[in-house]
Amino acid sequence: MAGRSKSITAVLAALLMSACASEPPLETVDYVDLERFMGDWYVIANIPTFIEKGAHNAVETYSLNDDGSIATRFTFRADSFDGEQKEYNPTGFVTDSESNAVWGMRFIWPVKADYRVIYLDDSYSVTVIGRNKRDFVWLMAREPEIPRKTYEELVAFIASVGYDTSKLRRVPQEW
């Protein structure tokens, strides 16, 4: 029986290792200057969470709290530009202070969702936020529109890091 138990353990370990190998950790940018990152970000496209489905004029706003946490205000109109205004206020916590690119985002205590800055242009005008699970992704910009070429390049980048971009949705922005 002991031999069988070791075999089962070995098989489970191999399955876990192969599962990990198929989903390597999502690489982040080298460094995020948090003060520059704060402010408004228009959600250009995403693989939406259940609360974001049908969102219009989605904006994520960050501000640094005195304790180093990040106050977040996520607003959007539900299902149309005239839809009900929705607002969520999760708190971000930098979990990798060397890069400031890995956060835990808390919507409900005590859970902190994985939140990784995987792309950020030098001017801090366009960013991509991802998760190791590759279930959700957000392409955001300081303006409500970005050039088509930039959008296409970022969609290609999102695909290159393991996302199924057929699930990516443009977020309507009209200001």
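Each reported figure results from applying straightforward, stated rules to the coordinates on display, with no laboratory input. If you're wondering where the values come from, they're calculated on a predicted model, not measured in any experiment. Cβ: placed from backbone, ideal geometry, glycine included. Neighbour counts: every protein chain shown.
The figures follow:
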read-out	value
Unmet requirement for R148, which otherwise passes all of (1) among the charged types (D, E, K, R); (2) surrounded by 15 or more Cβ atoms within 10 Å (Cβ to Cβ); (3) closer than 29 Å to E174 by Cβ	(2)
Residue list for segment 78-120, restricted to those being closer than 14 Å to L34 by Cβ, of a type in the set (D, E) and loosely packed, with under 12 Cβ neighbours inside 10 Å	E98
Those residues of segment 147-175 which are within 27 Å of T75 (Cβ to Cβ), among the β-branched types (V, I, T) and in contact with a strand residue (DSSP E or B) (Cβ under 8 Å, 6 or more places away or on another chain), in sequence order	T150, V155, I158, V171
Residue under evaluation N132, criteria (1) in contact (Cβ under 8 Å) with a residue 24 or more places away in the chain; (2) under 23 Å from N57 (Cβ atoms); (3) not aromatic (F, W, Y), criterion not met	(2)
Matching residues, segment 41-82, being among the hydroxyl-bearing types (S, T, Y), touching a residue at least 40 places away in the same chain (Cβ under 8 Å) and in contact with a Ser or Thr (Cβ under 8 Å, 6 or more places away or on another chain)	none
